[in-house]
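This report refers to the structure that appears directly beneath it.
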Amino acid sequence: MRLTFRRAIKPAAFLICSVPLGQLLYDGLTGNLGANPIEAVTRFTGSWALIFLLLTLSVTPLRRISGWNGLIKYRRMLGLFAFFYVVLHFLTYVVLDHFFDFARIVQDIIKRPYVTVGFTSFVLLIPLAVTSTAAMIRRLGKRWQQLHRLVYIAAIGGVIHFYWLVKADIRRPLQYGAVLALLLGYRLLAKWIPFLSLPLSSKAAAARPGYKSARPANLQ
Amino acid sequence: MLIKRPSDIKSSEITPKALYLSRRRFILTASAAALGGFSTLLSDDASAAEKLGNIGKSPFSTNEKLNSFKDVTTYNNFYELGTDKGDPAVNAKYLTPRPWTVSVEGEVKKARTYDIDALTKLAPLEERIYRLRCVEAWSMVIPWVGFPLHALVKLAEPTGNAKFVQFVTLLDPKRMPGQKSPVLQWPYIEGLRMDEAMHPLTILAIGLYGEVLPSQNGAPIRIVVPWKYGFKSIKSIVKIRFVEKQPANSWNLMQPQEYGFYSNVNPEVDHPRWSQATERRIGEFFRRKTLMFNGYAEQVADLYRGMDLKKYY
């Protein structure tokens, strides 16, 4: 019974992460995207890409504060969902907004700083998605961690991308920025202030059912 | 057997007449209100808009396909009612368009405060089907109802010092909840050069789609200047002031390098952050090319002859 429950958690998490996509498809099919559906899809996919990036980045702080190491099992899924929504966002821009008008798209990427930053963040996430498999983690060893620090830059770029495109009401991008600052700030502070984090190999963590710590703690 | 005797005292003697009359009145109004409430439940739109009568046609109208009433009234910018484009329709209930006065003042011989219902009768109403191009690169085609602004200007008799006209929106955070956040400086202000204000394309609009202007579109009175970006067409006006010097305008105060005083639609002068070469007409999939002066070049290009439009954006 217990085993089946634990087996069900991951598929359930996958379904929950797909809810925004389901909502978007439902609204699209029922004509509920408002007067400017293309803009609505662009904003929706962009917002969820940012939210999933922030969720991915919150795994390590939550894990270290709570000692709940099992969270690590969901980090890859969250990261790949972030990438998935980024890809949808980019495709919306290329296909729906500009309908493959590559001359204008390239010009946009070069000339418009908010597009440049957004596009750069998207490109930075590609190698991270590609190297997310277990085989790649093994193959890259220590370099895997170094490579995946790119996610910090991509997330900062994502928030700047949003901040630079709004006309006057900067409240939403500032909210994302504040959460990101908290998550990145934690990582800087945790190095110097011990009480911010429980050591990942603590007895408390080891005593948890299902805890199997073979891998070193990686602060990502 | 009990035989019931009629009461010696008439009920009208117990209850004072004033009271039972007011009781009857209450029952009448209450049932009317209940019926009224029921009928609004049945009708599509709770604030069933008032039809405007006697609307003339205009040669300035375009024959392009109109955007639907729903698009026009549920997707627009009106930061006083919220910064999302769906917000104005949701918060429209706060903006009650009566009582309302518009003060005409400044460099004029006949300064006057108009009650809104007098103002709307100043000139015959016309339908003006105009393209509206937002600075955010989307556009619509909207059948406004109103009359040329010059009709009001002439009545005010501007003095020789009147070189510009400044417009001011209502300042009242209760009726305009968006004014509780300092997104822009409140009240919203806009301005036109005198010749722009006198141009026959510039109208005071009091309706759209043949009906009284919905609150989210700037009730009870706004201007529409179709060759300029939408934010120049200031809504819910309470003050029209004639001045000698070029007046400030809200978006220019907010970001002077992005939004100028003129803000004429111009596909060759980009917004510093995005292109103005194309636009999405609401309801269409493909972007279309933005036209110089939003397609009104033939009528208005003369106003700007010799001006460097990159400098005076």
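Derivation of every value follows stated rules applied to the coordinates shown; laboratory data play no part. None of the values given here were measured: they were computed from a predicted structure. Heads up, the Cβs are rebuilt from the backbone with ideal geometry, glycines too, and the neighbour counts pull from every protein chain shown.
Report, in whole Å, the centroid distance computed from the Cα atoms of segment B:111-147 and segment B:158-181.
Cα centroid of segment B:111-147 versus Cα centroid of segment B:158-181: 16 Å apart.
If each of A:R171 and B:H150 carries a label point 7 Å out from its Cα toward its Cβ, how far apart are those two points in nm?
Using points 7 Å along Cα→Cβ, the separation is 4.3 nm.
Taking the dipole about the Cα centre of segment A:104-165, with the C-beta of Lys and Arg at +1 and of Asp and Glu at -1, give me whichever of A:V159, A:L140, A:P127 is farthest to the positive side.
A:L140
As a footprinting exposure proxy, order A:R139, B:R281 by other Cβ within 10 Å, with the fewest listed first.
Working: A:R139 11, B:R281 18.
Starting with the residue having the fewest Cβ neighbours, the order is A:R139, B:R281.
Which number gives the lysine pairs in chain A that have C-alpha atoms under 27 Å apart and are eight or more places apart or on different chains?
For chain A, the number of qualifying lysine pairs is 15.
Compute the Cα gyration tensor for the protein assembly as shown, then decide on rounded, prolate or oblate, letting a ≥ b ≥ c be the square roots of its eigenvalues: rounded whenever a/c is under 1.5, prolate when a/b is larger than b/c in the other cases, and oblate in all that remain. Intermediate values should be presented prior to the final figure.
On the way: a/c = 2.52, a/b = 1.40, b/c = 1.81.
Oblate.
Report the semi-axes of the equivalent ellipsoid for chain A in whole Å, largest first, where each axis is √(5λ) for an eigenvalue λ of the Cα gyration tensor.
Numbers: eigenvalues 225, 87, 57 Å².
Its equivalent ellipsoid spans semi-axes of 34, 21, 17 Å.
Just flag the chymotrypsin sites (Phe, Trp or Tyr not before Pro) in segment B:112-145 sitting in loop per DSSP whose Cβ has no more than 16 other Cβ atoms within 10 Å. Don't skip to the answer; put the middle values down first.
Details: sites: B:Y114, B:Y130, B:W138, B:W144; in loops: none.
The qualifying sites: there are none.
Would you mind calculating the gained length between B:Q246 and B:K163 on full extension (0.36 nm times residue separation, minus the Cα-Cα distance), in nm to one decimal?
Numbers: separation 83, 0.36 × 83 = 29.88 nm, distance 0.77 nm.
The span from B:Q246 to B:K163 would gain 29.1 nm if fully extended.
Beta carbons within 10 angstrom, averaged per residue: use that to sort the peptides A:19-30, A:113-124, A:146-157, A:76-87, highest first. If you can, show how the numbers build up before the last one.
Details: A:19-30: 12.8, A:113-124: 18.6, A:146-157: 16.8, A:76-87: 21.0.
Output ranking for A:19-30, A:113-124, A:146-157, A:76-87: A:76-87, A:113-124, A:146-157, A:19-30.
Kindly put B:E284, B:E80, B:E298 in sequence by how many other C-beta atoms sit within 10 Å of each C-beta, fewest to most.
Ranking B:E284, B:E80, B:E298 by Cβ neighbours within 10 Å, fewest first, gives B:E298, B:E284, B:E80.
Rounded to the nearest 20 debye, what is the charge dipole size of the protein assembly as shown about its Cα centre when +1 sits on each Lys and Arg Cβ and -1 on each Asp and Glu Cβ? Walk me through the numbers on the way to the answer.
On the way: 70 positive and 38 negative charges, 628 e Å.
Rounded to the nearest 20 debye, it is 3020 debye.
For a 21 Å ceiling on Cα separation, which of these pairs sit above it: B:K85/B:K289; B:K163/B:K239; B:K163/B:K228; B:K232/B:K310; B:K85/B:K121; B:K65/B:K310? Could you put the intermediate results ahead of the total?
Numbers: B:K85/B:K289 23 Å; B:K163/B:K239 17 Å; B:K163/B:K228 19 Å; B:K232/B:K310 18 Å; B:K85/B:K121 31 Å; B:K65/B:K310 31 Å.
Distance filter (> 21 Å) returns B:K85/B:K289; B:K85/B:K121; B:K65/B:K310.
Describe numerically, in nm with one decimal, the distance between label points set 7 Å from Cα along Cα→Cβ at B:M307 and at B:T62.
If labels sit at B:M307 and B:T62, their model points lie 2.1 nm apart.
Can you give the average number of partner chain beta-carbon atoms within 10 Å of each beta-carbon in peptide A:30-42, as a whole number?
4
Gain in length, A:T116 to A:A181, computed as 0.36 nm per residue apart minus the alpha-carbon separation, to one decimal in nm?
Working: separation 65, 0.36 × 65 = 23.40 nm, distance 2.17 nm.
Extra length available between A:T116 and A:A181 comes to 21.2 nm.
Just how far, in whole angstrom, is segment A:4-65 from segment A:90-160 if you go by their alpha carbon centroids?
If we compute the Cα centre of each part, the gap is 18 Å.
For a footprinting-style exposure proxy, rank A:Y176, B:Y79 by other Cβ within 10 Å, fewest first. The partial results should precede the final answer.
Numbers: A:Y176 19, B:Y79 24.
Fewest-to-most Cβ neighbours within 10 Å comes out as A:Y176, B:Y79.
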